[in-house]
Amino acid sequence: MDGLGRKLIRSLVAAKSFAPLTEARVGREDVFDEAREAYDWVVEYVLDNLGDWPTAEMVEENIKDCALDEVARPLKYEADLVRKRRLGNEISNGVKDAAKAIDARDPDAALKILTKTALDLQPLSTAARVESFVESGPTRLKEYENAKSRSGLLGIPTKWEKLNSSIQGWVNGTLNIVAAMQNTGKTWWACIDTEHAMSIGCRPLFVTLEMAERRIARRLDAIRYQIAFGKLRNCELDPHDEIAWSKAIKDAAAAYSDVAPDIKIADKKIVRTVPDCVALVQEYRPDIIYIDGGYRFEPAGKALGGWADTKDIVNDLQLSAEKTNIPWVVTTQLGDSSETGKAKKKKDGKRLRAWNVRYGKEWVINPDNVIGLYQDDELRRWNRMENHILKVRDAADVYDEFLIKWDREKMEFEGVDSLDDDEEGSGLGHVVKF
């Protein structure tokens with residue numbers, strides 16, 4: 001017997017509206033036994049009678065053992081009680097599963113279970129509502145004014161103006177994929193934009209599934225302090241550069257605080273699944289998360305929902321971006337139709353197409369934005385990289401592709417006009433400061 005469910009049915013037929021149930025995310029699955037039977041009967045009655053509603057007496061006559069209260073309390077109140085009951089049950093189930101993992105001496109699995117339970121149930125912790133187009137108009141005006149004051153940006157600016165013009169920056173709640181063939185520079189690209197985010201006052205989280213944390217930190221050193229990476233890697237800095245770098249490092253460490261701009265770095269020793277990333281986001285509260293090598297994510301296991309393939313992993317990335325409400329920027333690989341990873345031939349105008357993303361078409365279907373990186377021998381000779389805008393969810397004025405300077409000795413990565421329009425004729429192109 002579901003006493004709380006019967007109270008909900010009594011309030012429902014009195015209110016003659018399903019809207020409060022929708023706002024509370026309550027439905028037939030949240031009531032049981034005779035209350036669920038009554039709920040289904042009411043829904044069918046309303047549909048069959050073109051919106052006419054039954055009385056409480058009619059419900060009692062048609063549903064066995066479904067005595068309803070004489071006085072109905074507000075439907076929003078009853079719906080909230082049912083919502084809280086479901087929320088409590090789901091939390092309890094998650095805690096039980098976590099306890100089993102602890103009993104099996106696997107506290108890491110227990111933490112993942114609790115993290116995913118909290119993330120999945122977060123929408124139930126507050127009531128939803130259908131948005132009114134008219135009522136929400138002033139909010140849209142405010143959003144427009146904010147974007148206008150930032151030259152059309154809705155999110156965190158990238159390093160490149162033409163990319164910002166296309167995607168309006170890294171917008172909260174979006175999943176953004178950066179794809180390239182092997183050895184093109186995906187990791188460097190992600191590091192460059194991560195350092196840029198820090199330089200404008202953001203706090204990025206950088207997750208590397210491809211290399212150790214120290215190797216990423218070394219690249220960030222080269223980018224932030226404008227050090228030729230080859231010399232840094234081979235310990236060939238001249239004394240003057242060594243002194244300047246050492247001073248900059250020590251000054252930054254001395255000025256460090258929990259609220260200062262910073263980059264948190266996590267590698268594959270502690271991150272293997274999407275829930276691992278979510279746990280770090282919940283702990284460190286970054287403004288944006290960069291994930292290098294998203295195709296290396298492992299399925300999280302049956303305890304967390306039975307993810308078994310790329311489709312589920314990419315879908316969970318999308319949901320995680322929406323639920324954590326920060327931008328997620330994830331790199332993955334491109335390849336040819338046989339997924340060999342070979343460079344594509346230049347034909348039909350475009351070198352890259354979104355459908356050449358490897359390991360599953362979900363890397364193209366689910367994300368809000370897909371950006372392709374391309375280099376060949378000619379581009380490397382000119383220290384250039386092509387950036388292709390392969391997909392934009394809210395497309396308006398989109399650049400199909402644009403060039404950036406790609407010089408890891410001078411640590412210069414600005415946007416450029418072309419390969420060979422350098423004013424001094426050096427062949428390095430005219431740098432456009434975006």
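Laboratory data are not the source of any read-out in this text; all were calculated from the coordinates shown. The shown structure was predicted, so the numbers you read here are calculated from the model rather than taken from an experiment. Cβ: placed from backbone, ideal geometry, glycine included. Neighbour counts: every protein chain shown.
About its Cα centre, the dipole of the chain is roughly 980 debye, where the only charges are +1 on Lys and Arg Cβ and -1 on Asp and Glu Cβ. From the square roots a ≥ b ≥ c of the eigenvalues of the alpha-carbon gyration tensor of the range 199-297, which class results: rounded (a/c under 1.5), prolate (a/b over b/c), or oblate? The shape class here is oblate. For A179, the residues 5 or more places off, or on other chains, whose built amide H falls under 5 Å of its own are T332, I371, G372, L373.
Can you put R296, R393 in order, fewest other beta carbons within 10 Å first?
Ascending number of Cβ neighbours within 10 Å: R393, R296.
Pairs spanning more than 26 Å between alpha-carbon atoms, out of K162/K186; K84/K268; K116/K186; K76/K116: K84/K268; K116/K186; K76/K116. Taking the DSSP beta bridges with both ends in the chain, the antiparallel portion is around 45 percent.
When the chain is treated as a GNM, springs tying every alpha-carbon pair under 10 Å, which of D417, D40, D262 comes out with the largest mean-square fluctuation? Greatest mean-square fluctuation among the candidates belongs to D40.
Identify which of S149, S418, S320 has the largest mean-square fluctuation in a Gaussian network model of the chain, with springs joining Cα atoms closer than 10 Å. Among S149, S418, S320, the largest mean-square fluctuation in the Gaussian network model of the chain belongs to S149. Within straight-line reach of K100, meaning a Cα separation under 18 Å, sit the following aspartates and glutamates at least 8 residues removed in sequence or on another chain: E90, D108.
Using only alpha carbon positions, build the gyration tensor of the range 3-95, then give the equivalent ellipsoid semi-axes as the square roots of 5 times its eigenvalues, largest first, whole angstrom.
On the way: eigenvalues 101, 38, 30 Å².
Taking √(5λ) for each eigenvalue gives 22, 14, 12 Å, largest first.
Structure remark: mean-square fluctuation, Gaussian network model of the chain, C-alpha springs under 10 Å; the largest value among K268, K391, K16 belongs to K16. The residues L175, L334, when put in order of fewest to most other Cβ atoms within 10 Å, stand as L175, L334. Ratio of Rg to Rh for the chain: 1.08 [Cα atoms; Kirkwood radius as inverse mean 1/r over pairs]. In terms of other Cβ atoms within 10 Å, H196, H388 run from fewest to most in the order H196, H388.
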